[in-house]
1. Working only within the stretch 11-42, note down all residues that are at pLDDT 75 or above, open to solvent by 80 Å² or more (accessible area, probe 1.4 Å) and either under 11 Å from the mean Cα position of the chain (by Cα) or at positive phi (or both).
2. How many residues does the stretch 105-132 contain that are surrounded by 15 or more Cβ atoms within 10 Å (Cβ to Cβ) and of a type outside the set (A, V, I, L, M, F, W, C)?
3. Give me a count of the residues in the stretch 98-136 that are closer than 30 Å to ASN47 by Cβ, at pLDDT below 90 and charged (D, E, K, R).
4. How many residues are touching a strand residue (DSSP E or B) at 6+ places or on another chain (Cβ under 7 Å) and more than 20 Å from ILE67 (Cβ to Cβ) when one looks only at the stretch 100-111?
5. Look at the stretch 102-133 and say how many of its residues are assigned to a strand (DSSP E or B), under 30 Å from ILE77 (Cα atoms) and either touching a helix residue (DSSP H, G or I) at 6+ places or on another chain (Cβ under 7 Å) or touching a residue at least 60 places away in the same chain (Cβ under 8 Å) (or both).
6. Among the residues of the stretch 65-101, how many are surrounded by fewer than 14 Cβ atoms within 10 Å (Cβ to Cβ), touching a residue at least 40 places away in the same chain (Cβ under 8 Å) and either part of a helix (DSSP H, G or I) or of a type outside the set (Lys, Arg) (or both)?
Amino acid sequence: MENYRRTEVETEFDPSEMDINILNKKDYELYITTKGKIKNYVTYGLNYLMDQSKVDPLVITGKGNAINKAVTVAEIIKRKVIEDHKRNDLIQENDIEIVKSKDTWTPIEDKLDKIVVTKNLPGIIIKLYFPREETQETSQ
């Protein structure tokens with residue numbers, strides 16, 4: 001591949017098959033990358049979960065090599081919620097996805113052909129949330 005240069009990366013996905021839309025990131029979505037620090041992810045996730053005004057679940061997403069880190073972040077958050085905040089009612093939902101990725105490699109030399117590589121990237125979506133407390137209205 002020393003005679004080629006990667007020029008284009010396309011990711012194909014069907015939003016109807018996925019639980020969240022990658023293009024519209026919200027404050028409750030935590031995208032895990034291989035370069036990010038676990039401490040930062042855990043701090044953000046704990047702060048989000050402990051904020052009583054938030055109603056959406058914390059959504060942790062990891063793709064490819066970041067799946068292990070996403071699971072680690074979710075497990076650390078769960079442990080800290082139980083140990084530090086004394087709450088045992090945290091609910092976890094997991095979802096698995098596959099995202100198609102297409103890499104285009106163009107040749108540096110003129111006599112070579114263009115190469116297109118298509119691969120399936122595994123992904124995981126972890127939702128963490130507390131059960132909603134229903135408010136009872138007093139009838140008068």
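1. The answer is none; no residue qualifies.
2. Matching residues across the stretch 105-132 total 3.
3. The number of residues fulfilling the criteria is 3.
4. Of the residues in that region, 6 qualify.
5. 9
6. Residues in the stretch 65-101 being surrounded by fewer than 14 Cβ atoms within 10 Å (Cβ to Cβ), touching a residue at least 40 places away in the same chain (Cβ under 8 Å) and either part of a helix (DSSP H, G or I) or of a type outside the set (Lys, Arg) (or both): 2 in total.
The values are calculated or read from the model by the stated rules, or taken from the named source; none is laboratory data. The shown structure was predicted, so the numbers you read here are calculated from the model rather than taken from an experiment. Every residue, glycine as well, gets a Cβ built from its backbone with ideal geometry; the counts of neighbours run over all protein chains shown. Ligands, DNA and RNA are excluded from the accessible area calculation, which covers all protein heavy atoms including side chains. Shrake-Rupley method; radii C 1.70, N 1.55, O 1.52, S 1.80 Å.
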